[in-house]
Amino acid sequence: DGDVFKYYADGEWKKSSSGKTVAITNPTTRKTQYKVQACTQEEVNKVMDTAKTAQKSWAKTPLWKRAELLHKAAAILKEHKAPIAECLVKEIAKPAKDAVTEVVRSGDLISYTAEEGVRILGEGKFLVSDSFPGNERTKYCLTSKIPLGVVLAIPPFNYPVNLAVSKIAPALIAGNSLVLKPPTQGAVAALHMVYCFHLAGFPKGLISVVTGKGSEIGDFLTMHPGVNCISFTGGDTGVSISKKAGMIPLQMELGGKDACIVLEDADLDLVAANIIKGGFSYSGQRCTAVKVVLVMESAADALVEKVKAKVAKLKVGPPEDDCDITPVVSESSANYIEGLVMDAKQKGATFCQEYKREGNLIWPLLLDNVRPDMRIAWEEPFGPVLPVIRIGSVEEGIHHCNASNFGLQGCVFTKDVNKAMLISDAMETGTVQINSAPARGPDHFPFQGFKDSGIGSQGVTNSINMMTKIKTTVINLP
Ligand code: G3H
């Protein structure tokens with residue numbers, strides 16, 4: 001009936017006084033795999049108090065010491081990659097190998113952040129007054145980056161470890177304390193990841209993990225007066241958080257509808273390989289997944305054939321067997337995907353494979369001849385279903401991309417780099433990849449969604465900067 005896990009506060013593992021738990025359903029078996037504590041609002045209040053106190057002395061801890069602890073946590077996390085990956089397999093049905101990769105990538109991210117932090121936080125600015133009109137050299141201005149206070153991190157189910165540490169590590173190196181609210185699917189992997197920070201010896205109360213129902217503690221956390229910054233990755237919830245949050249910095253990444261624009265001169269084998277990787281890895285459950293292919297009519301038949309051949313080779317089944325396509329995270333997600341497929345069917349899309357579903361497992365599906373009146377042309381399936389829209393001109397492709405309410409990433413395939421640059425400039429997305437599928441990594445690259453895809457820039461350096469404020473001291477000379 002599922003192992004029960006404790007939450008983490010004040011350096012200890014605790015049971016909630018609510019006496020209640022939240023069940024985590026294994027997407028493959030659809031049975032309860034684990035249970036986590038349903039924390040109460042009073043417990044959140046306590047966590048916020050300890051986070052505030054712990055932050056004060058952490059901010060005074062030398063930067064090199066903070067970095068040293070992060071390096072230690074990174075090493076321990078990598079040692080624990082097998083049990084954490086197992087949680088990812090059971091909780092979110094991530095293919096076994098990808099689950100291990102997520103943990104290793106997270107260890108690397110922590111180390112890189114520690115290194116980047118000691119460099120960029122170890123430097124300030126020195127300005128003199130006489131560069132501005134009307135001033136003599138009578139003022140010396142010194143600036144440094146100081147922590148914000150308590151950072152609230154809310155990662156999504158698809159990267160419960162990696163998108164948690166991408167918030168935790170920059171927050172900590174910059175001298176903040178951290179409260180983590182993990183996604184319910186993925187909460188146990190996140191608790192185990194935080195256990196590695198615990199083993200590394202971070203001060204009590206500096207990191208806390210509260211688990212529970214969004215309906216009970218979600219708004220309470222995000223609107224809590226003790227929170228000085230929110231870093232959130234997920235869906236539309238982010239929009240409502242941004243409306244309710246106080247006057248604090250927000251870093252949000254809220255999904256996308258990444259377009260893949262394919263020109264006539266593109267290397268179609270390269271495109272097909274990237275469509276498979278970009279559209280179907282982790283069964284399309286990535287915000288940066290290729291979510292619509294916009295291909296020039298003259299190249300479309302050949303491209304669709306190549307992609308079809310590769311789709312046929314995808315292994316479909318349980319994550320334990322390291323299949324390419326595994327069950328999507330929940331029944332409601334599978335139902336939503338099915339709704340998009342049925343709408344496309346009714347409106348006349350061409351099915352390149354037969355639609356097949358067993359429980360939460362949906363077989364990979366390429367939909368050709370999708371038109372703008374179909375929901376799937378605009379909505380994010382977050383599943384292994386990819387629409388192809390045939391375009392008559394590059395302008396039409398750019399227009400479709402920019403008509404989306406999302407603006408995360410996009411990609412363009414052509415051998416003409418000049419054309420690619422112009423298309424990149426025209427696409428209203430945070431990142432455009434030339435001749436490769438969209439991706440957030442390497443994790444030190446800037447990562448920012450435009451429009452409904454988010455606010456605030458991510459990537460290691462940007463996240464560290466975002467989790468600090470500028471403190472200025474001016475020396476006035478006599
Ligand atoms: O799901 C959202 C992630 O930020 C995407 O990361 O490009 O490494 O899969 P990824």
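The GluC sites (Glu not before Pro) of the stretch 67-135 meeting both criteria, a DSSP state outside H, G, I, E and B (loop) and at most 13 other C-beta atoms within 10 angstrom of the site's C-beta, are GLU123. Overall shape of the stretch 251-309 was characterised from the C-alpha gyration tensor. The equivalent ellipsoid obtained from it has semi-axes of 23, 13, 8 Å, in decreasing order.
Peptides 170-176, 211-217 ranked from most to least packed give 170-176, 211-217, packing being the mean of other C-beta atoms within 10 angstrom over each peptide's residues. Computed log10 I(q)/I(0) for the chain at 0.06, 0.09, 0.12, 0.13 Å⁻¹: -0.29, -0.63, -1.04, -1.18, from the Debye equation with unit scatterers placed on every C-alpha and solvent omitted. Net charge of the neighbourhood of LYS145, taken over other residues with C-beta under 11 Å away and scored Lys/Arg +1, Asp/Glu -1, is +2. Based on the reciprocal of the average 1/r between different C-alpha atoms, the Kirkwood radius for the stretch 365-407 equals 11.1 Å. Partner aspartates and glutamates whose Cα lies under 14 Å from the Cα of LYS244, excluding those fewer than 8 positions away in the same chain, are identified as ASP219, ASP236. Evaluate E = 1/(1 + (r/R0)^6) for SER240 and LYS65, where r is the Cβ-Cβ distance and R0 equals 60 Å; express this FRET efficiency to the nearest 0.05. In this case the efficiency is close to 0.95. Shown for the stretch 168-320 is the translational diffusion coefficient from the Stokes-Einstein equation, using the Kirkwood radius over Cα pairs, a temperature of 10 °C and a viscosity of 1.306 mPa s: 84 µm²/s.
Of the trypsin sites (Lys or Arg not before Pro) found in the stretch 338-399, those that fall in a DSSP loop while having at most 13 other beta-carbon atoms within 10 Å are LYS356.
Cα-Cα over 20 Å: which of LYS257/LYS356; LYS72/LYS125; LYS277/LYS313? LYS257/LYS356; LYS72/LYS125, as the Cα separations exceed 20 Å there.
Alpha-carbon geometry of the stretch 278-378: the Rg and the Dmax are 13.5, 41 Å, given in that order. Convex hull of alpha carbon positions in the stretch 190-267: directionally averaged projected area 9.1 nm². An ellipsoid equivalent to the stretch 1-58, defined through the eigenvalues of its Cα gyration tensor, has semi-axes of 29, 12, 9 Å when rounded to whole angstrom and sorted largest first.
Geometric descriptor of the stretch 414-475, per residue, is 139 Å³ (volume of the convex hull of the Cα atoms).
Each listed q (0.10, 0.23 Å⁻¹) maps to a log10 I(q)/I(0) for the stretch 77-204 from the Debye sum over equal C-alpha point scatterers, namely -0.41, -1.31.
Taking one quarter of the surface of the convex hull spanned by the alpha-carbon atoms of the stretch 368-478 gives a direction-averaged projected area of 10.8 nm².
Using the average count of surrounding beta-carbon atoms within 10 Å as a protection proxy, the listed peptides 297-303, 442-448 rank, highest first, as 442-448, 297-303. Taking every alpha-carbon pair in the stretch 268-337 and binning the separations at 10 Å intervals from zero gives 19, 47, 28, 7, 0 percent. Rounded to the nearest 10 degrees, the inclination of helix 417-426 to the longest alpha-carbon principal axis of the chain is 70 degrees.
The Rg/Rh ratio for the stretch 102-149, using Cα coordinates for both the radius of gyration and the Kirkwood hydrodynamic radius, is 1.30.
Computed over the stretch 1-155, the quotient of the alpha carbon radius of gyration and 2.2 N^0.38 Å is 1.47. Look at the dipole of the chain built from charges on Cβ: of VAL341, MET421, ALA9, the Cα furthest out on the positive end belongs to ALA9.
Each reported figure results from applying straightforward, stated rules to the coordinates on display, with no laboratory input. Quick caveat, the model's predicted, so the values are computed rather than measured. We place every Cβ from the backbone using ideal geometry, glycine too, and count neighbours over all the protein chains shown.
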